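Participant: Just passing along the structure, written as structure tokens.
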């Protein structure tokens, strides 16, 4: 990754079993119900177990509408769900992952993401965008606990 990329990471405790937190993360088509910025999620490919391997998203980012397609990796399921960008209009690269650890009282989730944009952004815009991205974990937590 070049110098244009930005990393963000967040850890949170979800008061729900790992299986439930993981199931919410995998139910891409329902993301628009709980993830504020996701307007639409269309599964474009599945593996032999029926899990989505390719998902096209339409989301609002930085005050505009954006489209991107992510490829998902299940090699460490259900302890880790990772993804990378296949195609996007304002992003050149996205590498992200959720790591799930069963703990007393629920599931510890570690969310990490690295994004490389096509055009550089001013620092304050970037920080606001990063905050929105990290809010995704709060939204996942709320959904898994509901």
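The values are calculated or read from the model by the stated rules, or taken from the named source; none is laboratory data. No experiment lies behind these values; they were computed from the predicted model shown. Methodologically, a virtual Cβ is constructed for each residue, glycine included, from the backbone with ideal geometry; neighbour enumeration extends over all protein chains shown.
Participant: Could you tell me which of the residues 59, 23, 52, 16 is under 25 Å from residue 116 (Cβ atoms) and at pLDDT 95 or above?
Facilitator: 52
Participant: Which pairs do you get when a residue that is farther than 28 Å from residue 61 by Cα, found in region 78-107, comes within reach of a residue that is not in a strand (DSSP E or B), reach meaning Cβ atoms under 6 angstrom, with the pair 6+ apart or on two chains?
Facilitator: Partner pairs satisfying both residue conditions: 78/22; 102/18; 106/15; 106/16; 107/18; 107/21.
Participant: For region 1-28, which positions are closer than 22 Å to residue 93 by Cα and assigned to a helix (DSSP H, G or I)?
Facilitator: Matches in region 1-28: 25, 26, 28.
Participant: A further question follows. Taking region 96-107 only, how many residues are surrounded by fewer than 17 Cβ atoms within 10 Å (Cβ to Cβ) and in contact with a strand residue (DSSP E or B) (Cβ under 6 Å, 6 or more places away or on another chain)?
Facilitator: So the count comes out to 2.
Participant: Give the residue that is nearest to residue 109 (Cα to Cα), with candidates limited to residues of region 9-36 that are in contact with a helix residue (DSSP H, G or I) (Cβ under 7 Å, 6 or more places away or on another chain) and buried (at least 18 other Cβ atoms within 10 Å of the Cβ).
Facilitator: 14
Participant: If you don't mind, another one. Out of region 50-75, which residues are over 21 Å from residue 132 (Cα atoms) and either in contact (Cβ under 8 Å) with a residue 12 or more places away in the chain or touching a helix residue (DSSP H, G or I) at 6+ places or on another chain (Cβ under 8 Å) (or both)?
Facilitator: Within region 50-75, 51, 52, 53, 54, 71, 72, 74 meet the criteria.
Participant: Hey, could you check region 56-66 for residues that are surrounded by 16 or more Cβ atoms within 10 Å (Cβ to Cβ) and touching a strand residue (DSSP E or B) at 6+ places or on another chain (Cβ under 7 Å) and say which is farthest from residue 43 (Cα to Cα)?
Facilitator: 66
Participant: Which condition number in (1) surrounded by 14 or more Cβ atoms within 10 Å (Cβ to Cβ); (2) in contact with a helix residue (DSSP H, G or I) (Cβ under 8 Å, 6 or more places away or on another chain) is the one that residue 142 fails?
Facilitator: Answer for residue 142: the failing condition is (1).
Participant: Let me ask you something else. Just a yes or no: is a residue in region 79-93 surrounded by 15 or more Cβ atoms within 10 Å (Cβ to Cβ), farther than 22 Å from residue 14 by Cα, at pLDDT 95 or above and out of contact with any helix residue (DSSP H, G or I) (no Cβ under 6 Å at 6 or more places or on another chain)?
Facilitator: Looking through region 79-93, at least one residue is surrounded by 15 or more Cβ atoms within 10 Å (Cβ to Cβ), farther than 22 Å from residue 14 by Cα, at pLDDT 95 or above and out of contact with any helix residue (DSSP H, G or I) (no Cβ under 6 Å at 6 or more places or on another chain).
Participant: Can you tell me which residue within region 39-59, out of those that are part of a strand (DSSP E or B) and more than 15 Å from the chain's Cα centre (by Cα), is farthest from residue 94 (Cα to Cα)?
Facilitator: Restricting to residues being part of a strand (DSSP E or B) and more than 15 Å from the chain's Cα centre (by Cα), the top hit is 46.
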